[in-house]
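Everything on this sheet refers to the single structure shown next.
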Amino acid sequence: LVAPADLARLLQARRELGARGTRRAGRVFALADGRAQSPAESLLRVKLVLRGIPPPVPQHPIRVRSGRVLHPDLAWPRYRVALEYDGGYHADPDQLDLDRRRLNQLTDAGWLVLHATARRLYREFESLQYEVRRALRSRGAPI
């Protein structure tokens with residue numbers, strides 16, 4: 001809803017006024033990204049970045065063999081690693097079928113695809129972030 005340039009101007013104006021909290025606001029603004037398709041995707045991305053994982057690209061376009069363009073929730077294009085957030089509706093049999101087809105197409109295109117659920121995001125994040133870190137390292141990321 002707000003352009004990054006508008007946030008930068010607001011932050012600069014607050015700095016010039018000597019307003020408190022501008023350093024913290026700057027860190028928060030730097031984490032903002034309007035490409036996510038759900039609050040959980042945003043939370044997942046921010047938590048990973050705060051753990052020292054390189055910032056992923058939300059909704060990165062990937063052309064697969066069929067010519068279709070798929071957009072995984074989070075991607076590290078340089079390393080061909082993607083992370084999909086599977087909310088509750090992914091348990092629906094029809095959605096599960098679509099998800100598995102997407103997974104097959106992405107892996108056929110050379111991508112390593114990981115999945116996260118609400119349980120992993122909220123209760124088992126430590127092990128999830130280690131899995132992401134290992135996947136990126138296995139593809140050459142220097143982390």
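The values are calculated or read from the model by the stated rules, or taken from the named source; none is laboratory data. Here the structure is a predicted model, which means the values were calculated and not measured. Please note: Cβ atoms are built from the backbone with ideal geometry, for glycine as well, and neighbour counts cover all protein chains shown. What goes into the accessible areas is simple: the full protein's heavy atoms, side chains included, and nothing from ligands, DNA or RNA. Shrake-Rupley method; radii C 1.70, N 1.55, O 1.52, S 1.80 Å.
Count of segment 90-143 residues, restricted to those that are touching a residue at least 60 places away in the same chain (Cβ under 8 Å) and among the small types (G, A, S), is 4. The set of residues in segment 4-26 that are of a type in the set (A, V, I, L, M, F, W, C) and either on the phi > 0 side of the Ramachandran plot or outside any helix (DSSP H, G or I) (or both) comprises L17, A19. Checking the structure you have, find out if any residue of segment 44-65 is more than 18 Å from R120 (Cα to Cα) and either polar (S, T, N, Q) or more than 21 Å from the chain's Cα centre (by Cα) (or both). Checked segment 44-65: at least one residue is more than 18 Å from R120 (Cα to Cα) and either polar (S, T, N, Q) or more than 21 Å from the chain's Cα centre (by Cα) (or both). Answer yes or no as to whether L112 is open to solvent by 40 Å² or more (accessible area, probe 1.4 Å), closer than 20 Å to L136 by Cβ and of a type in the set (A, V, I, L, M, F, W, C). So L112 passes the test. Among the residues making up segment 34-68, a single one is at pLDDT below 95, open to solvent by less than 40 Å² (accessible area, probe 1.4 Å) and among the charged types (D, E, K, R): E41. Give segment 38-56 a look and list any residue that's part of a loop (DSSP other than H, G, I, E, B), closer than 20 Å to R119 by Cβ and not basic (K, R), or say none. S38, I53 - these are the residues of segment 38-56 that are part of a loop (DSSP other than H, G, I, E, B), closer than 20 Å to R119 by Cβ and not basic (K, R).
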